[in-house]
Amino acid sequence: MEALAALLEASALGQWARGSAYAYPIANVAHLLGLVLLVGGIGVVDLRLAGFLRRLPAEALTQTLTPFALAGLGVLLASGLVMFAADAGPMVSSNVFRAKMALLALGLAHALAFRAIWRSRMAGWDAAPPMAGRMMALTSLAIWLSVGALGRLIAYA
């Protein structure tokens, strides 16, 4: 992993991210905006699926906000790559960064599992939200908030 990090850091992307006065700050702001889109979108959906905000129809809310969450994830991945390329060597040895990446992978796997299990049953969610689904929604919220918190803590570790 260290070898790949060194290659990325030495690449044109890494040199640009470190050498430009604007690349890293713009990527950092974009990363924050991506986090807002992801956690704002999926966070509201997770809260609804966990049993809160019951006035809002679960299926319609999910269909409306999931694209925003996915757009946020795309912005996060693109901007995160730029920031990682600027300082890849030290990042791969950071326990906080590794924990963030592990939780990111867990969050993505959890989202895919949630979709596979509950997607076809979303229409009945308003009448009888299943306890297992509610727990998965709360777990999702906890994972994504933790990913965001760890991302902010990287600078201090």
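Taken as entire DSSP H runs, the helices of the chain that both span 30 Å or more between Cα atoms along their own long axis and average 0.5 or more on the Kyte-Doolittle scale are 23-50, 58-86, 95-118, 131-153. Maximal additional length on extending the residue 132-residue 29 stretch stands at 33.5 nm, based on 0.36 nm per residue less the C-alpha distance. Compute the signed sum of charges (Lys and Arg +1, Asp and Glu -1) over the other residues within less than 14 Å, Cβ to Cβ, of residue 17. Summing Lys/Arg as +1 and Asp/Glu as -1 gives -1. Between residue 142 and residue 1, the C-beta separation translates, for a Förster distance of 25 Å, into a calculated FRET efficiency of about 0.40. With the simple model of a label 7 Å out from the Cα in the direction of the Cβ, residue 56 to residue 110 spans 1.9 nm. Residue separation of residue 10 and residue 78 scaled by 0.36 nm, minus their Cα-Cα distance, works out to 22.7 nm of gained length.
In terms of its Cα atoms, the stretch 1-68 spans 52, 28, 16 Å along the principal axes, sorted from long to short.
Counting only Cα atoms, the chain measures 55, 26, 26 Å along its principal axes, largest extent leading.
No value in this document is a laboratory result; all are computed from the given coordinates. Please read these numbers as outputs of a predicted model, since none were measured by experiment. No Cβ is skipped: glycine too gets one built from the backbone with ideal geometry, and neighbour counts run over all protein chains shown.
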